[in-house]
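Please read the structure below before turning to the comments.
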Amino acid sequence: MSDDLNTLKQRALADFAEFVNPMKVRTMKAAGIDLIEERRDGACTWDLTGKRFIDCQTGSGIMNVGRHNREIVEALKKALDTYDIGVFLVCSRQKADLARKLAEITPGDLKCTVYGAGGGEAVDAAIKIARGYTMKTEIVYADKAYHGHTGFALSAIGRAAYKEPFEPLMPGFKQVPFGDAQAVREAMSADTAAVILEPIQGEGGINVPPDDYLPEVRRLCDEHEALLILDEIQTGFARTGRMFACEHWGVVPDILTLAKSLGGGLYPISATVFKEEINDFFIPHPFVHLSTFGGSDLGCIVALAVIDYIEKNGLAEHARLMGERFRAGFDRLTAAYPDLLLEVRQKGLMMGLQYTNTSIGPRMTKKLADRGVLAIYTGNDPSICRLMPPLVITPAEVDEVLAALEGAMRELSGEKGLGKDD
């Protein structure tokens, strides 16, 4: 690397530490991923110094259509010739077009949309709608859940460390073990407004539930006249090999929350999509939930381009095929390194590697970065590495990630302290 580029990078890191977040810089340096992103393309990103990384983190699923997708960039550029974000109180053709498309592609009879700018905002809207429509207050959510850091969403996060500094939080939230339908049954009451779940937990460690779990929770919600909210902010838009993860189990929620990859990594937008009868709540309350930047005209144009790209390029099927290619490699690694790799959790290109020791996640993150792969252990459990590459990843790039994993494991297997956690 040139001295000039290295100096520029160090200055950027120093400024970030001084003016944004010093502990983030310290943590990233310790993990060997203190890159300053510069060029981005396809499944890859480049550090300011020129080092290339295959991005298997993608902001936890923001970049489904790839980094700096040129088709989406051109759609945004073209929109900027005519439009701005629009006035949020005025009806918008772009909002209507995207809502119609979401009604078309979402499962079952989901039809109506409320927009936001981020995932937490979408979850806030879903919980508010559930309480307002049912006139009940209780919300059942899962341990290790991740739904965002805003008001209602924060109360539904299944990790105490995120919540404790801000207590007391919203009342009426009940936590249950993920994947346990009986626990959901026991938690529900006549005052349960909704059960909110991720079909597959992302931040929680790529936790895939038993096949009978979501169908049974759907039945319980119907039995208790409660709503089922599915958070597909990470799992949606072809990530798991289907357009939406709930389709793997044939379950249709009452409310679906979407964000992250809907904006193609270029423009922030989120959507809360719900059944038509729920729209009755908004008849006497048409302005009860507003977002200044939610569903902006520019954001809707980008989102429509993203959906079109996913559909015409068959990214759901591609994610399934590349997931199978990864799985074959994971099976080889599990057999070769049983002292390192305990379990693989996967649907399509939503993948988690469960290591045998909590120290392995941080160490593997650094060794993978040394080999040009960006993959970070989860916040809930450092023994789990989450792999969520762009859905446009090629077979050659899949093999490159697998080779990096094998090289890192070979190196790590010769080091001490790799036994299972007590």
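Name the long-range amide H neighbours of Gln201: under 5 Å, sequence gap of 5 or more, or other chain; modelled H, no Pro or chain starts.
Asn207
Starting with the highest mean, order 136-146, 68-78 by the number of other Cβ atoms within 10 Å, averaged over the residues of each peptide.
Working: 136-146: 22.9, 68-78: 15.9.
Result, highest mean first: 136-146, 68-78.
I want the local charge near Lys260. Using Cβ-Cβ distances under 13 Å, sum +1 for each Lys or Arg and -1 for each Asp or Glu among the other residues. It would help to have the intermediate numbers written out before the result.
Details: positive: Arg239; negative: Glu121, Glu198, Glu203, Asp231, Glu232.
Charge balance in the 13 Å sphere: -4.
Report, in whole Å, the centroid distance computed from the Cα atoms of region 3-51 and region 212-257.
Using only Cα atoms, the two centres lie 38 Å from each other.
For every other residue with a beta carbon closer than 10 angstrom to the beta carbon of Arg67, add +1 if it is Lys or Arg and -1 if Asp or Glu, then tell me the sum. Intermediate values should be presented prior to the final figure.
Details: positive: Arg39, Arg40; negative: Glu37, Asp41, Asp55.
Residues close to Arg67 contribute a combined charge of -1.
Under a Cβ-Cβ cut-off of 10 Å, what is the net charge of the residues other than Ala190 that fall near it, where Lys and Arg count +1 and Asp and Glu count -1? Intermediate results must be reported in sequence, preceding the final value.
Details: positive: Lys136; negative: Glu138, Asp191, Glu225.
Net of charged neighbours comes to -2.
Please arrange Thr378, Thr82 by counting, for each residue, the other beta carbons lying within 10 Å of its beta carbon, fewest first.
Numbers: Thr378 21, Thr82 8.
Ascending Cβ contact count within 10 Å gives the list Thr82, Thr378.
Relative to the present Cα-Cα distance, how much length would full extension add between Met135 and Phe287 at 0.36 nm per residue of separation?
Numbers: separation 152, 0.36 × 152 = 54.72 nm, distance 1.79 nm.
Full extension of this stretch gives 52.9 nm more.
Roughly how many whole Å is it from the C-alpha centroid of region 264-283 to that of region 346-374?
34
Expressed in nm to one decimal, what extension gain is obtained for the pair Asp3 and Asp331 from 0.36 nm per residue of sequence separation less their Cα-Cα distance?
Working: separation 328, 0.36 × 328 = 118.08 nm, distance 4.23 nm.
Taking Asp3 through Asp331 to full extension adds about 113.8 nm, to one decimal.
Which order results if Leu342, Leu80 are arranged by neighbouring Cβ count within 10 Å, fewest first? Could you put the intermediate results ahead of the total?
Working: Leu342 17, Leu80 11.
Lowest to highest Cβ neighbour count: Leu80, Leu342.
Sticking with the crude label model, points 7 Å out along Cα→Cβ, report the distance from Asn313 to Asp81 in nm, one decimal please.
If labels sit at Asn313 and Asp81, their model points lie 2.3 nm apart.
About the Cα centre of the chain, what is the dipole size in debye to 20, counting +1 per Lys and Arg Cβ and -1 per Asp and Glu Cβ, all else neutral? The partial results should precede the final answer.
Numbers: 47 positive and 59 negative charges, 150 e Å.
Result for the chain is approximately 720 debye, rounded to the nearest 20.
Given the -39500 (n - 2.57) contribution per DSSP H run of 4+ residues, what per-residue ellipticity at 222 nm results for the chain, rounded to the nearest 500 deg cm²/dmol? Spell out each step's value before the answer.
Numbers: 14 runs with 165 residues, N = 422.
Computed mean residue ellipticity for the chain: -12000 deg cm²/dmol.
Please report Met63, Met351 as a ranked list, fewest other C-beta atoms within 10 angstrom at the top and most at the bottom.
On the way: Met63 28, Met351 21.
By the 10 Å Cβ count, ascending, the order reads Met351, Met63.
Ranked highest first by the average count of other Cβ atoms within 10 Å around their residues, in what order do 169-182, 23-36, 246-259 fall? Provide the component values of the computation, followed by the final result.
Details: 169-182: 16.8, 23-36: 15.0, 246-259: 23.4.
Per-residue mean Cβ counts within 10 Å order the peptides as 246-259, 169-182, 23-36.
FYI, it's all coordinate maths here, none of it is from the lab. Quantities reported herein were computed from a predicted structural model and do not represent experimental measurements. Note that each Cβ is placed from the backbone with ideal geometry, even for glycine, and that neighbours are counted across all protein chains shown.
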